[in-house]
Amino acid sequence: MGTRIDMVGTIDLPTSADLDREFERIAKAGARVIYAPRDEPWGMRSSMIANPEGNMIEIGSWNRKG
């Protein structure tokens, strides 16, 4: 039934454009990318990073245009 991912938190941003900008900023700062922003079938745009301690954090937006 898919892959289980343990995460410690989520960041919900107002728009997909905000998500893309923030993801790019965090990735350039050295966060480990688990997966880049992608459109999910349930209507969310999401991405996942890991901080230096290995904690996974989802960064998402409910596909509000902006």
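The values are calculated or read from the model by the stated rules, or taken from the named source; none is laboratory data. Just so we're clear, the structure is a prediction, and the values are computed from it rather than from any experiment. All Cβ positions, even for glycine, are placed from backbone atoms using ideal geometry, and neighbour counts span all protein chains on display.
Of the conditions (1) in contact with a strand residue (DSSP E or B) (Cβ under 7 Å, 6 or more places away or on another chain); (2) modelled with pLDDT of 95 or more, S16 fails just one. Which one is it? The failed condition is (2).
Within the span defined as segment 11-29, one or more residues are in a strand (DSSP E or B) and under 12 Å from the mean Cα position of the chain (by Cα). Filtering segment 39-58 to residues that are in contact with a Phe, Trp or Tyr (Cβ under 6 Å, 6 or more places away or on another chain), among the hydrophobic types (A, V, I, L, M, F, W, C) and in a strand (DSSP E or B) leaves only M48.
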